[in-house]
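Heads up: the structure comes next, in structure tokens.
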Amino acid sequence: MGLEGKVAIVTGAARGTGAAIAERFCREGARVVLGDILDDKGRETAEKLGTSATFHPLDVTDSAQWSAIVDRTLTDHQRIDVLVNNAGVLHQGPIENTSEADFRRLLEVNTLGPFLGIRAVVPAMREGGAGSIVNVGSIDSLAAMNGLTAYCASKFGLRGLAKAAALEIGRDGIRVNTVCPAGGNPEMFEPWMSKVMGFLEETTAYNEDRGIPGSVPVESIVDAIVFLASDASRHCTGIDLPVDGGATAGCFIPGFNTL
Ligand SMILES: NC(=O)c1ccc[n+]([C@@H]2O[C@H](COP(=O)([O-])OP(=O)(O)OC[C@H]3O[C@@H](n4cnc5c(N)ncnc54)[C@H](O)[C@@H]3O)[C@@H](O)[C@H]2O)c1
């Protein structure tokens, strides 16, 4: 699809899906500025990608840090074509085990962060006459799950933000879309793994009861992000692109396939 010559900012790019996006964008010919709160890991990831990649510290909840990364990108590359709002955090637990601070933190990183990012890049994209903003949502942006109230609220909110922004800045040539994956870096839910082990069968069954069973590899998520970042998706804006093996398509009942 080609991202040749494009300049992209990717948030949460020190590790996991964000690092994979940055790596693939570089291979597709883009120059990439990686942002993350994990400074050492972020620098290490950027160094591995060679001269097309640079790291800049970024806490997505801080508008001053957004101004700094945008200024640095414009100084180094004179343009911004793509923003991938990938940084995200998770909290798992029932409502009573979700503190006000947990809820606020998820809204701040997963919803406010992308808002600040969109607001920060729009002037440069408008001046360039084009831009593509890709938000990384989740299947939990499309269908809710128990034990994930804060995460679902933040990721549903992200979709609303994308759709409203898409309508508002479409006439400036800027597109805003959301990828909704059923997978990513297992490190994200590691803090809850020991508790989940007690009902592993249930969670595995959940992964299997879909059109394409099994977990979704990060490469497939990155493919969808490359599509939305590139000109191949030039008439897509305000859309949600599930990369979930059909998990949100509806209900799969194994026995019905044998009737
Ligand atoms: N892991 C999954 O199973 C899964 C499933 C669906 C969607 N997602 C989404 O995919 C995206 C990438 O997550 P991942 O799976 O690679 O997990 P991850 O934990 O490896 O990546 C998240 C990255 O965001 C960074 N980050 C956190 N807070 C930040 C902040 N305030 N400012 C800047 N960076 C910050 C982290 O340091 C990390 O590098 C997230 O938006 C996540 O919600 C993940």
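Asn177: net charge of surrounding residues, Cβ under 12 Å, Lys/Arg +1, Asp/Glu -1, itself excluded? Can you show the working numbers first?
Numbers: positive: Arg159, Lys163, Arg175, Arg234; negative: Asp240.
Counting the neighbours of Asn177, the net charge comes to +3.
If the label point is 7 Å along Cα→Cβ of Asn257, which residues in the stretch 195-230 have backbone nitrogen under 17 Å from it?
204-216
If you add up the charges near Ser52, with Lys and Arg at +1 and Asp and Glu at -1, over every other residue whose beta carbon is less than 12 angstrom from its beta carbon, what do you get?
0
How far, in nm, would the chain grow between Glu201 and Ser52 when pulled straight, counting 0.36 nm per residue and subtracting the alpha carbon separation?
Gain on stretching Glu201 to Ser52: 49.3 nm.
Counting only protein heavy atoms and using a 1.4 Å probe, what share of the accessible area of the chain belongs to carbon plus sulfur, as a whole percent?
Ligands and nucleic acids excluded, carbon and sulfur reach 55 percent.
Cross-link candidates for Lys48: which lysines have Cα within less than 25 Å, leaving aside residues fewer than 8 places away along the same chain?
Excluding near neighbours in sequence, the set is Lys6.
Checking the a/c ratio against 1.5 first, then a/b against b/c, what shape does the Cα gyration tensor give for the stretch 7-240?
Prolate, because a/c is 1.5 or more and a/b exceeds b/c.
Between Rg and the Kirkwood Rh of the stretch 1-144, both from Cα atoms, what is the Rg to Rh ratio?
Checking Rg against Rh, the ratio lands at 0.99.
Just the number please: accessible area per residue for the chain, 1.4 Å probe, all protein chains included, in Å². Show your work: numbers first, answer last.
Working: 12600 Å² over 259 residues.
Spelled out: the 1.4 Å probe surface of the chain, per residue, equals 49 Å².
List the lysines whose alpha-carbon lies under 18 Å from that of Lys163, not counting same-chain residues fewer than 8 positions away?
Lys155
Using a Förster distance of 30 angstrom, determine the FRET efficiency expected from the C-beta separation of Ala249 and Glu44, and round it to 0.05. Walk me through the numbers before you get to the answer.
On the way: r = 39 Å, r/R0 = 1.29.
For R0 = 30 Å, the calculated efficiency reads 0.20.
Would you mind computing, in nm to one decimal, how far apart the modelled labels at Arg72 and Met145 are, each placed 7 Å from Cα along Cα→Cβ?
3.3 nm
Please build a GNM for the chain, connecting alpha carbons under 10 Å apart, and tell me which residue among Asn85, Asn207, Asn146 fluctuates the most.
Sorting by GNM fluctuation, first place goes to Asn146.
Return the distance in nm (one decimal) between the two label points of a simple spin-label model at Ala64 and Asp231, each offset 7 Å from Cα along Cα→Cβ.
4.0 nm
Tell me the net charge near Ala247. Cut-off is 10 Å between Cβ atoms, Ala247 excluded, with +1 for each Lys or Arg and -1 for each Asp or Glu.
Numbers: positive: Arg210; negative: Asp209, Asp244.
It works out to a net charge of -1.
Given a 1.4 Å probe and the protein chains all in place, what does the accessible area of Ser194 round to, in Å² to the nearest 10?
Ser194 exposes around 90 Å² with every protein chain in place.
The values are calculated or read from the model by the stated rules, or taken from the named source; none is laboratory data. Remember, predicted model here, so these are calculated numbers, not experimental data. Please note: Cβ atoms are built from the backbone with ideal geometry, for glycine as well, and neighbour counts cover all protein chains shown. Surface areas here come from the heavy atoms of the whole protein model, side chains and all, with no ligands, DNA or RNA. Shrake-Rupley method; radii C 1.70, N 1.55, O 1.52, S 1.80 Å.
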